[in-house]
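Contents: one structure, followed by commentary.
What follows draws every value from the coordinates through simple rules; no lab data is involved. Just so it is clear, the model here is predicted, and its values are computed rather than measured. Using ideal geometry, Cβ is built from the backbone for each residue, glycine included, and neighbour counts are taken over all protein chains shown.
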Amino acid sequence: MEVAARLGRLRPRLEEAGCDALLVTSLENIRYLTGFTGSAGMLLVAPEVTFFCSDGRYGEQSAEQMAADGVEPTTRAIGRPPEQLQALAEAARPFGRLGVEAHALSWAEKRRLAGVLAENGAGEEIVATEGLVEALRAVKDAGELDRIELAADIADVALAQVKSRLGDGLTEAEFGLELDFEMRRRGADDLSFETIVAAGPNGALPHHRPGARRIEEGDVVVLDFGALVEGYHSDMSRTLTVGRPSSPEMDGIIEAVLVAQRAGVRALGPGVKCADVDAVCRDSLRGAGFGELFVHGTGHGVGLLIHEAPALAVGSADILEEGAVVTVEPGAYLPGVGGARIEDTLVVTATGSRPLTKSTKDTTF
Ligand code: ZN
Ligand code: ZN
């Protein structure tokens, strides 16, 4: 991964965002910009300044990780939280307009920060910014793609390994555990998110938590899961049938979702409006008579967070760029009966896209 170049890409964006310096408080953004993976820290970025602070647990770790990625802060302040805030205020004093990350700073933190800044004659104007680092994160470098692809491969192989167990009369929770264990056994650092196993009528709930329901003959089962590798996520859904679906309308729903998903994937490419990809999937399902059953967005970026920029949804202003990693995951949900969702993680290429998720979309196993 080319971590060291990232701060250089962020600095010119500060002026455009109306700030002289940016206080980065999102831990994913700090990780992206510096390589530091700890659970506490703040980063102040200005054209000539890279100030980093954290607490005593992370003094050595942060120094090692940043050095390994070639990031050299101009100031490092390691200490208790009040000492960090004091050092931050002093570092921020030259900058009249201090940008903060509106989504990653609570009301209480902002008040505390503003108080300490004011005591030190700093932070004359606090500017709320959104998405500055996230916009950089939307385009992945080769090292990031390798990690996401490995995470996607682990999920693919784990599913292939355990899917025959859908016919063994396990509960949703038990099958989920099989899948989770297989991903961990095959090298996942963790799950990407809590695995979804939704059988029969539970499939109509897009984010059903796997429970005590037994997976039975005739069930349509929606699986949504992924692996985590060195901070990077994967995300996939497959819909599998245990024998013939006991609800005859499910065959048509599954087929319509598959057609919509393929159409959405074909629509991907650099310069394409994310809202247009969503519209392709939505129109496809509407044409099949299931438009009302598609109750969520078509997809999202995947990276250091499971859901990140860009958003493939109605009203999104995002544009796909080459190197973006996104999901395409239309679904249809018939309350009381069941649901279907098919989701791949893909990377946008110069000519279209390349799937990182490679599992078959066959519903049988
Ligand atoms: Zn998913
Ligand atoms: Zn997803």
Rank by packing, highest mean first: peptides 43-51, 298-306, with packing defined as the count of other Cβ atoms within 10 Å averaged across residues. 298-306, 43-51
Compute the distance in nm between two label points, each set 7 Å from the Cα along the Cα-to-Cβ direction, one at Ala67 and one at Asp146. 2.3
Distance from a point 7 Å along Cα→Cβ of Lys361 to each backbone N in segment 306-329: keep the residues under 15 Å and list them by number. 327-329
Okay, which of segment 305-335 sit inside 19 Å, backbone N to the point 7 Å along the Cα-Cβ direction of Ala5? 321-325
Along the dipole axis of the chain (charges at Cβ: +1 for Lys and Arg, -1 for Asp and Glu; origin at the Cα centre), the most positive-end residue among Gly187, Leu312, Val133 is Leu312
Once you order the gyration tensor axes a ≥ b ≥ c over the Cα atoms, which shape class does segment 142-355 get: rounded for a/c under 1.5, otherwise prolate or oblate by comparing a/b with b/c? oblate
Relative to the longest principal axis of the C-alpha atoms of the chain, give the angle of the C-alpha long axis of helix 142-162, reported between 0 and 90° and rounded to the nearest 10°. 30
How big is Rg to Rh over segment 85-202, alpha-carbon atoms, Rh as the Kirkwood inverse-mean-distance radius? 1.25
Checked against a 21 Å limit on the C-alpha separation, the offending pairs among Lys110/Lys140; Lys140/Lys358; Lys140/Lys163 are Lys110/Lys140; Lys140/Lys163
With the 8 Å Cα cutoff and a minimum separation of six or more residues, the chain has a relative contact order in percent of 14
Percent antiparallel among DSSP beta bridges with both residues in segment 1-128, to the nearest 5? 40
Relative contact order of segment 3-137 (C-alpha contacts under 8 Å, at least 6 apart) in percent is 27
Could you work out how far helix 274-287 tilts from the main Cα principal axis of the chain, as a 0 to 90 degree angle to the nearest 10? 20
On a 0 to 90 degree scale, rounded to 10, what angle separates helix 249-267 from the longest Cα axis of the chain? 40
Kirkwood hydrodynamic radius for the chain: how many Å is it when counted over pairs of different Cα atoms? 22.0
Counting only DSSP loop positions in segment 90-166, the GluC sites (Glu not before Pro) whose Cβ has at most 16 other Cβ atoms within 10 Å are Glu124, Glu130
Separation of the Glu249 and His296 label points, Cα + 7 Å toward Cβ, nm: 2.1
Write down the percent of antiparallel bridges among all DSSP beta bridges whose residues are both part of the chain, to the nearest 5. 75
Calculate, in nm to one decimal, what Arg80 and Arg57 gain on full extension: separation in residues at 0.36 nm each, minus their alpha carbon distance. 7.3 nm
